[in-house]
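So the structure is just underneath, and the comments pick up after that.
Just so it is clear, none of the values below were taken in a lab; they were calculated from the coordinates. All figures in this text were calculated on a predicted structure; none of them were measured in a lab. Note that we place each Cβ from the backbone using ideal geometry, even for glycine, and neighbour counts take in every protein chain shown.
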Amino acid sequence: MWVGTFFIVFLAAVAGSSCGAARLYRFPRSARVAIQDWRPFNVAHRGSNGEIPEETALAYKRAIEEGADFIEADITATKDCVLICFHDPILDDVTDIAAHPEFRGRRATYEFEGQNLTGFFVVDFTFEELQRLRLRQRYSFRDPSFNGKLQIITFERFISIALEASRTVGIYPEIKSPVFMNKHVQWPQGKRVEDSFMEILQKYGYKGKYKSDDWNKQPIFIQSFAPTSLMYISNITDSPKIFLIDDATVRTQDTNQSYAEITSNRYLDFISNYVVGIGPWKDTIVPPNITTGYLMNATHLVSRAHSRHLQVHPYTFRNENQFLHFDFHEDPYEEFEYWIKTVKVDGLFTDFPGSLHRYQEWSSKE
Amino acid sequence: MFYVSLLLLLLLAGSDCRVFQFPFQTNEPYNIAHRGSSGEFPEESVLAYKRAIEEGADFIEADITATKDGKLICFHDLILDSVTDVHDHPEFASRKQTYVVDGVNVTGYFAVDFTLEELKSLRLIQRYPNRDQSYNGSKLQIPTFEEFIAIALASPKSERVGIYVEIKSPTFINHHVKWSEGRKFEDVFLNILKKYDYNAKYLTKEWLDKPVFIQSFDPSSLIYLHNKTSSPKILLIAPDSITSDTKQTYEEIISDDYLDYISKIVVGIGPAKEAIAPVDSNNKLLPMTDLVDKAHARGLEVHPWTFNHERNLLLPFDYHQDPYREYDMFVNTLEVDGVFTDSPESFETYRRQWRIFSKRKRPYKNE
């Protein structure tokens, strides 16, 4: 009886602890259709956020319904070290923080990736406080009907959505702004955000090199703009990693390197020891002429990556006209066709996984 | 023997090679290039029409209106302000006018106040600011009706292209233009069609050789033409509107009685998409109306307008900004018989990828 009581107390203690939800999701792994691997990956960028507010459970479930191969999330940290899915460092643009007078005093200005930024910072709120907020669609030209209804989810909840699916769905989490996270969040016992990130992945059994049996059962890519984070976790995991590359004007947040440097042959040789691919902003691969609205000549980034056996997963593909260069005649499927057939990328981050899936299904009939 | 074959070959090459043609397709819903490939080029320009043909349109579509000297041109608006560089022509500054159009005052530079020669000095521009502006003002002129027909006839025979021409604002035109010999707009329009042998009954061999639809919002113009031409006619329909000529409401036009009546005159209707798939104030689809069924039940084809990816407007959210979903709804679910699109290329891709063959076979009997 004492053992039983102790067991119940233990369970309660575990359930009550902060710094990560205590639920351990377990799911049947057998008899699920494997992930496809013969055409470029359909990566649902922040879920199906063309239709539903980004990084919500609903957006991820919709993406899975629509045929995405991977669901993608930005993993950041709260004040009390809970890892959540949220893109921005501040809450202002996609939550109803402005409607919460109780938080008015939390407005702050911090230096964020080289610039001063003012707003309500995620790192200044506990997870429980964030749960009081409701998300909204970022873009005014997208469907607002879910505004005010959906909450921020944890990294673990995100993983559970993938594992709950009736077919194999991969996850594509990003270690987001690790420099900022490590500076502002009080991690226990000298840990870093990367440690906490990896603990959760390991808890749910994510392991194995790209295309290993383990990986095929639970596909994953770990992405980051910070090369040192990727190098750090290389000592902890053999899961495949992707090095994200920003616009040509942006320097890496941790190593302060320029675009020219991190896309040089020498650097690609170096980073290919740690990553299986790169995730560049698509306008740096094939730059547009801002005046005419048409694409200029493609750079050689893709072929240089491919010759080092690096995959290329550019971001971000969006259906709306204002995001489509004139070459594509206002047709998002023409854009898919160009990037898949001409540029020959290995995966695409898209806000509209449903459209990409339909395009891929069509074009694979031929 | 060799020389005979060579001679035959040369003769064939010199002729229009009718033995090598593909028949005009009627198995699939028509790809009607609305004002040409107007998503890419300024509307109703030579380039827009040529591109549409390249992209596989079945029909190139034009609004036919008239100049001061009674010449027929391809131009959509009554005024020149939105799609030409008339504002850059100080010599025309005094031509600005205000006329009453369907009970409303409209101010601008009216095409009917310019001769053809004057209009030819203008240059076309892209109507929508978010579309490619690079052809603005460069070289594109307003085409005449005959120049438009010439483009269709010049297409390779293997890509036969039909013409889908609208008698535009006939009440206004007949009021403002002094026709010679007392002729009306509709007569002048028809004479040009007949000059180029567009005068055959729908789906006959002659029609398949020279495909044409005559469209109008004005029933009386179509009725006027009914006994003067065998060419098939389409009645255009817009919700929340009143016909200019007969002052009939939308509800009356789509009533069973009226559709029974007009189905003796026209082979189909061209409704706005919203007449079939209305949209609420939150940009979401409302339940579909029964207009397509009512039309099909009377053997009438349905060619909705306009599929255009966005302009400045959004597709209803239900389509997730995916033009192919919208095509799918109208073609697969609603089974319309043609679409007016600003992007004939995307509709062609849709048809090719889905290899659409109409479940409905032409010619349609009353169902």
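Using amide H atoms built 1.01 Å from N in the peptide plane, name the residues 5+ places from A:Trp281, or on other chains, whose amide H lies under 5 Å from its own.
So A:Trp281 has HN proximity to A:Ile245, A:Tyr315.
Given the pairs B:Lys139/B:Lys168; B:Lys168/B:Lys294; A:Lys79/A:Lys203; B:Lys139/B:Lys273, which are separated by over 28 angstrom at their Cα positions? Before the final figure, lay out each step's value.
Values: B:Lys139/B:Lys168 25 Å; B:Lys168/B:Lys294 26 Å; A:Lys79/A:Lys203 22 Å; B:Lys139/B:Lys273 33 Å.
Violating the 28 Å limit, Cα to Cα: B:Lys139/B:Lys273.
Note down the magnitude of the dipole of region A:69-159 about its Cα centre, charges +1 on Lys and Arg C-beta and -1 on Asp and Glu C-beta and zero elsewhere, to the nearest 20 debye.
400
Take the Cα atoms of region B:111-199, find their three principal axes, and give me the spread along each one in whole Å, biggest first.
Computed over the Cα atoms, the extents are 42, 39, 22 Å.
Only bridges whose two residues both fall in region B:40-172 count here: according to DSSP, what percent of them are antiparallel, nearest 5?
65
I'd like to know which of A:Ser264, B:Pro304, A:Gly148 lies farthest towards the positive end of the charge dipole of the protein assembly as shown, counting +1 on Cβ of Lys and Arg and -1 on Cβ of Asp and Glu.
Result: A:Ser264, furthest along the dipole toward the positive end.
Is the C-alpha gyration tensor of the protein assembly as shown telling us rounded, prolate or oblate? Criteria: a/c under 1.5 is rounded; beyond that, a/b larger than b/c is prolate, otherwise oblate.
Cα axes put the protein assembly as shown in the prolate bin.
To the nearest 20 debye, what charge dipole does the protein assembly as shown have about its Cα centre, counting +1 at the Cβ of each Lys and Arg and -1 at the Cβ of each Asp and Glu?
1500
Rg/Rh for region A:278-356 to two decimals, with Rh computed the Kirkwood way over all alpha-carbon pairs.
0.95
What do you get for the angle between helix A:193-203 and the principal long axis of chain A? Use alpha-carbon atoms, 0 to 90 degrees, nearest ten.
80
Express in % the proportion of alpha carbon pairs of chain A at distances exceeding 31 Å. It would help to have the intermediate numbers written out before the result.
Values: 23414 of 66795 pairs.
The proportion of pairs with Cα distances above 31 Å equals 35 percent.
Would you mind checking the pairs A:Lys341/B:Lys233; A:Lys217/A:Lys341; A:Lys149/A:Lys217 and listing those with alpha carbons more than 31 angstrom apart?
A:Lys341/B:Lys233; A:Lys149/A:Lys217
Tally the DSSP beta bridges in the protein assembly as shown and give the antiparallel ones as a percent, rounded to 5.
35
Using +1 at the C-beta of Lys and Arg and -1 at the C-beta of Asp and Glu, which of A:Ser48, B:Leu225, A:Ser229 has the Cα lying farthest in the positive direction of the dipole of the protein assembly as shown?
Among A:Ser48, B:Leu225, A:Ser229, the one farthest towards the positive end of the dipole of the protein assembly as shown is A:Ser229.
Once you have the Cα-Cα distance between A:Lys209 and A:Asn289, take 0.36 nm times their residue separation minus that, and quote the gain in nm to one decimal.
Numbers: separation 80, 0.36 × 80 = 28.80 nm, distance 3.95 nm.
Once the chain is fully extended between A:Lys209 and A:Asn289, it gains 24.8 nm.
Is the C-alpha gyration tensor of region B:171-283 telling us rounded, prolate or oblate? Criteria: a/c under 1.5 is rounded; beyond that, a/b larger than b/c is prolate, otherwise oblate.
Judged from the Cα gyration tensor, region B:171-283 comes out oblate (a/c at least 1.5, b/c at or above a/b).
Distance between the C-alpha centers of region A:288-323 and region A:140-206? Whole Å please.
Using only Cα atoms, the two centres lie 27 Å from each other.
Kindly express, to the nearest 10 degrees and within the range 0 to 90, the angle between helix A:2-16's C-alpha long axis and the longest C-alpha principal axis of chain A.
Once rounded, one gets 40 degrees.
What's the angle, to the nearest 10 degrees (0 to 90), between helix A:155-164's Cα axis and the longest principal axis of chain A?
70
With a 10 Å radius around each residue's Cβ, average the other Cβ atoms per peptide and rank B:318-329, B:91-102, B:342-353, A:304-315, highest first.
B:342-353, B:318-329, A:304-315, B:91-102
Take the Cα atoms of region A:120-210, find their three principal axes, and give me the spread along each one in whole Å, biggest first.
So the extents along the principal axes, rounded to whole Å, are 39, 38, 22.
Enumerate the amide H contacts of B:Gly338 below 5 Å, restricted to partners 5 or more residues apart or on another chain; note that Pro and chain-start residues carry no placed amide H.
Residues meeting the amide H criterion: B:Tyr30, B:Val302.
Quick one: which residues, 5 or more positions from A:His300 or on another chain, have an amide H under 5 Å from its amide H? H modelled 1.01 Å from N in the peptide plane, none for Pro or chain starts.
none
I need the shape label for chain B. Rule: rounded when a/c is under 1.5, else prolate if a/b > b/c, else oblate, with a, b, c from the alpha carbon gyration tensor.
It comes out rounded by the Cα gyration axes.
Okay, helix-only estimate at 222 nm for the protein assembly as shown: each DSSP H run of n ≥ 4 adds -39500 (n - 2.57), divide by all residues, round to 500 deg cm²/dmol; what do you get?
-7500 deg cm²/dmol
Among A:Ser160, A:Thr316, A:Pro89, flag the residue with its Cα farthest along the positive direction of the charge dipole of chain A, charges on Cβ as +1 for Lys/Arg and -1 for Asp/Glu.
Of the candidates, A:Ser160 comes out farthest on the positive side.
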